[in-house]
Structures are given as structure tokens and as C-alpha cells.
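Any read-out appearing in this document is the output of simple, stated calculations on the displayed coordinates, not a laboratory observation. As the structure is a computational prediction, the values presented were derived from the model and not from experiment. Here Cβ is always computed from backbone atoms with ideal geometry, including for glycine, and neighbour counts include all displayed protein chains.
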Amino acid sequence: MEEITIGNTMLRLFQGDITRQTTDAIVNAANSGLMGGGGVDGAIHRAGGPAIVDECRSIIMQIGRLTPGRAVITTGGNLPAKYVIHTVGPIWHGGNRREPEILSDCYTQCLGLATSKNLKSISFPAISTGAYGYPPDEAAQVALNSTIDYLKRNKTSLELIVFILFDNQSCSIYRNHLAAISADK
């Protein structure tokens, strides 16, 4: 299973590089300082150029560090995407420190920002599964369920939501969860 339709929105899985996505927005699995780092965060900052850093710096000056579960939006700079939505996922501590709720908040906050900007498409990475150590299987379940719940409960401008996954293993995990969700529909 590579895609599913919820209402008027196509939810699709794709393996590749998020910095090359042509959706209206891409999501950055950011750190709370919004200044880039490793993994997806560093790749987006490098590819997007100084305009993203400048806006992130301005946001941090206004609101301080971004807390886990929140999201903010900036320009896409030199990226094909017009916008980058930065969200801070939870660091995995075994699942007993509200990690699933915080991860769910990441997805719903990003979807809410995209809808408020009247965007038609958005691409997500597997938030928190890299350096933050969230188990990929559990993260995929939260990501897909949160996104589908959002689509069922909210009117949205989004016509396409892509989960852009970096490797075969992540793609397989998401594919299995999407197939299970589709079977339950």
C-alpha cells in the first residue's frame, strides 16, 4: 500500500530526499533552537540557504526556543518547496514521558499551519526517528494515525500529504501501517 485517500486528501508514501520535494511545504524535524543540525534538519538548512536561517533566528528572538510538539513556518529559501514548517519532536525516553502525544502534536500542528496558509500539499519526514531515538515502528503508527485523525476531524485545503522516507526499512514500516489502516477502513 503506497497511498490512501481520506476525504479529498491523498496520503502517499515515497522514498527519497525531502529537500527535493515540490510540495507547497516540507516539514523539518528541527531542534528547539531552529538553527540546523544533523540529519533532516541540517540537510534542509544547507539546501534552503540563508533565508531560512534568517527567519528562524527572527522567530527565536520573538518566541524563544521552540518546545517539543510545536511548529512554526518559514520560507523555503532555495528549496523547491515554498515553505518549511519546523517542528520539534520528542526525544525518546521509553514512551513514558508523553512521547506519543508530543509526536502527535507535531503532525497536527504542521497540518494546522499548512491549512491556515491554504496550502495544497505537504511532505513529512519520519519525525524523531533519527537522533531523537523514537522507534520507527511506533513513530509510523503515531504519524499516520494523527494525520488521518486530523483529516477526518478538520476541513483542510490539503489535497496531498506525502511521507517522504529516507530508507527502505522506514518505507516498509510505513507501508505496513498504511496497509493495516486501509484494511480497517
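A few comments on the model shown:
- Within region 106-148, the set of residues being touching a Ser or Thr at 6+ places or on another chain (Cβ under 7 Å), without any contact (Cβ under 8 Å) to a residue 40 or more places away in the chain and aliphatic (A, V, I, L, M) comprises ALA139 only.
- Any hit, region 48-55, residues being farther than 24 Å from ASN118 by Cβ and in contact with a strand residue (DSSP E or B) (Cβ under 7 Å, 6 or more places away or on another chain): no
- Matching residues, region 27-53, being buried (at least 21 other Cβ atoms within 10 Å of the Cβ) and more than 17 Å from GLY130 (Cα to Cα): GLY48, ILE52
- Of all residues in region 90-121, those that are part of a helix (DSSP H, G or I) and under 12 Å from LEU158 (Cα atoms) total 7.
- Among the residues of region 1-26, those that are buried (at least 18 other Cβ atoms within 10 Å of the Cβ) and either within 15 Å of the chain's Cα centre (by Cα) or in a loop (DSSP other than H, G, I, E, B) (or both) comprise LEU11, LEU13, ILE18, THR19, GLN21, THR23, ASP24, ALA25, ILE26.
- Qualifying residue in region 153-169 (condition: over 24 Å from THR75 (Cα atoms) and touching a His at 6+ places or on another chain (Cβ under 9 Å)): no
- Hey, SER146 farther than 22 Å from ALA81 by Cβ, assigned to a helix (DSSP H, G or I) and not hydrophobic (A, V, I, L, M, F, W, C) or not: no
- Of the residues in region 52-70, none is in contact with a helix residue (DSSP H, G or I) (Cβ under 7 Å, 6 or more places away or on another chain), in contact (Cβ under 8 Å) with a residue 24 or more places away in the chain and polar (S, T, N, Q).
- If you filter region 56-74 down to residues that are among the aliphatic types (A, V, I, L, M) and in contact with a strand residue (DSSP E or B) (Cβ under 7 Å, 6 or more places away or on another chain), you find that the one that is farthest from THR129 (Cα to Cα) is ILE59.
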